[in-house]
Amino acid sequence: MDLFAFADFITQPSNLFAVIAAALVFATVLTLSGPAMNRDDTAKRLKQVSERRDELRRKAREQIDQSRSSLRGETKQSLYRQVVEKLNLQKLLEDPNLKKKLIQAGMRGQGPIFGFYFARFAVPIMLFAGTFLYLTFVNDFGLEGFQRLAVVLALTLVGYYAPGIYLSNKAAKRRDSIMQAFPDALDLLLICVESGMSIEAAFQKVAGEIGTSSIDLAEELSLTTAELAFLQERRQAYENLAARTNHPGVKSVATALTQAERYGTPLGQALRVMAKENRDLRMSAAEKKAAALPAQLTVPMIVFFLPVLFLVIMGPAVISYQSM
């Protein structure tokens, strides 16, 4: 009964207008006194941002230290490293450009180095033993002794150069993947820089956006962002990016970024010119492949299309002749 009485009391026109007027007065007072009651917490927010930046930097350094320690622990316990160190294969099979080739192929750390030397040592031995046993005890294909020896030595030589060929092919595929998405990445980088972002933030933003097109390019841009933050000279970070990709388009962009920071030239203008040049390079590479396509299709057409064409044309005539 009290609830119904309160509802009747509120629904009366005079009481309802009084409640609405009180609510409006309370809202007006709260609005006018709000600025006076709010404290200036700008310094507090800046302090929180600084603390967050220090925390992220500390976590990044801890992750780098953990990855290095784990990588060292894995290489110490790996069979590849034990064999390479005991047989001193790094000096016997020394390749002065190995680290550069591995970096261009996306392989970093000590593990791939020991794996490469182990493969260059083990693969020829495996091919030599397997080919010799197969030709001796399974099937010699009618070859004489000297011919079998020549085949075995040839496959052994192929096994020695096979790891280097694999590494070169992997680096070439990775470079092609990077260059397919690099002009688009430069366009995104230009938009980010002209919108007021720093070059580090622009690299990080583009790395996150370009990952769907080329994960290799996203990895390189992320690594460049880390090097820009930790290296003493920013020029070294751009040079490392050019060395890891090993492409003239990226090298020209790295040179333009270095000159823009050294001489104070507009970075947006340099990126716009570089983006246009890289798009032209991509278009010229596509035109080159298209121009070489007719010559490459000549042999498949002769081998596969012409016999079928002759069969379709001459087949009915042959059948009619036989029926007569």
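Annotation for segment 116-221: trypsin sites (Lys or Arg not before Pro) lying in DSSP loop with at most 13 further Cβ atoms inside 10 Å of their Cβ do not exist.
Each pair of Cα atoms in segment 104-203 enters the Kirkwood radius, and Stokes-Einstein at 20 °C and 1.002 mPa s then converts it into a translational diffusion coefficient of 123 µm²/s. Karplus-based coupling profile of segment 264-273, in residue order and whole Hz: x, 6, x, 6, x, 5, 5, 5, 5, 5, with θ = phi - 60° in 6.51 cos²θ - 1.76 cosθ + 1.60 and x standing for Gly or Pro.
Using θ = phi - 60° in the Karplus curve 6.51 cos²θ - 1.76 cosθ + 1.60, the 3J(HN,Hα) couplings for segment 92-107 round to 5, 10, 5, 10, x, 9, 5, 4, 5, 5, 5, 5, 5, 8, x, 10 Hz; x is entered for Gly and Pro.
Inter-part distance, segment 258-293 to segment 124-145, computed on C-alpha centroids, equals 53 Å. Count Lys and Arg as plus one, Asp and Glu as minus one, and take only other residues whose Cβ is under 15 Å from that of residue 95; the net charge is then +4. Counting charges near residue 233 (Lys, Arg +1; Asp, Glu -1) among other residues having Cβ under 13 Å from its Cβ returns a value of 0. The fraction of Cα-Cα pairs per 5 angstrom bin, counted from 0 for segment 144-199, comes to 4, 16, 11, 10, 10, 9, 8, 7, 6, 5, 5, 4, 3, 2, 1 percent, rounded to whole percents. Applying 1/(1 + (r/R0)^6) with R0 = 41 Å to the Cβ-Cβ distance of residue 286 and residue 132 gives a FRET efficiency near 0.30.
Every number here is computed from the coordinates shown, using simple stated rules; none is lab data. Note that the structure is predicted; figures quoted are calculated from it, not measured. Glycine gets a Cβ as well: all are built from the backbone with ideal geometry, and neighbour counts include every protein chain shown.
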